[in-house]
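Comments concern the structure below.
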Amino acid sequence: MGRVKPGCLGAAAMMGRQWRCRWAQPWTLLLLLLGPRLLVTHGWRRKGDKNSEKTNILELYLPAVVEYALHMYNLRSQDMNAYKVVRVLRSWLELSEQKEEKGLVFSMELQFARTRCGKFDEDIDNCPFQATPDVNNTITCFFTVDTEPWKTEFQLLNDTCLEGSAE
């Protein structure tokens with residue numbers, strides 16, 4: 001094995017080649033100190049880019065808010081059958097400065113369809129949609145919900161529903 005300078009680590013030392021590694025020591029120390037920070041990747045965006053922040057909040061909290069809106073619809077509905085979400089037509093995060101709104105305010109337009117299950121059945125998520133052509137089983141609703149989803153607190157501010165397809 002060739003002569004390797006003490007403290008010189010790397011492929012050259014392992015392969016037995018003689019290298020001058022004086023430059024490697026400061027870089028090795030720097031990599032050891034910054035190594036964990038280099039593993040973390042950050043998304044680059046302009047400072048103050050509110051659209052990407054809103055998108056991140058929507059992606060994170062919207063599923064819980066949609067579930068709450070559906071639950072409230074099923075509770076208030078006079079129909080004995082449960083409804084499930086067919087699709088989210090539109091959704092956005094409201095900017096609010098009203099004091100009674102304590103968290104994030106979401107607005108969304110949802111399309112629901114009637115299921116074969118009763119609204120108080122156990123497993124509504126796996127219940128099939130009702131497929132009878134004589135019943136208009138599609139409902140489009142607009143909801144505004146004030147929420148602190150990290151505390152699982154929700155407050156329905158507005159709900160407006162229309163029977164029939166949104167298309």
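The values are calculated or read from the model by the stated rules, or taken from the named source; none is laboratory data. In this text the structure is predicted, and so the values were computed from the model without any measurement. Methodologically, a virtual Cβ is constructed for each residue, glycine included, from the backbone with ideal geometry; neighbour enumeration extends over all protein chains shown.
Looking at D49, is it modelled with pLDDT under 55 and either under 30 Å from D159 (Cα atoms) or surrounded by fewer than 15 Cβ atoms within 10 Å (Cβ to Cβ) (or both)? Against the criterion (modelled with pLDDT under 55 and either under 30 Å from D159 (Cα atoms) or surrounded by fewer than 15 Cβ atoms within 10 Å (Cβ to Cβ) (or both)), D49 qualifies.
Taking the conditions exactly as written (in contact with a Lys or Arg (Cβ under 6 Å, 6 or more places away or on another chain) and either free of Cβ contacts under 8 Å to residues at least 60 places away in the same chain or farther than 23 Å from W150 by Cα (or both)), does S91 satisfy them or not?
On the way: in contact with a Lys or Arg (Cβ under 6 Å, 6 or more places away or on another chain): no; either free of Cβ contacts under 8 Å to residues at least 60 places away in the same chain or farther than 23 Å from W150 by Cα (or both): yes.
No, not satisfied.
Among the residues of the range 80-100, those identified as modelled with pLDDT under 90 and either charged (D, E, K, R) or in a strand (DSSP E or B) (or both) are L93, E94, E97, K99, E100.
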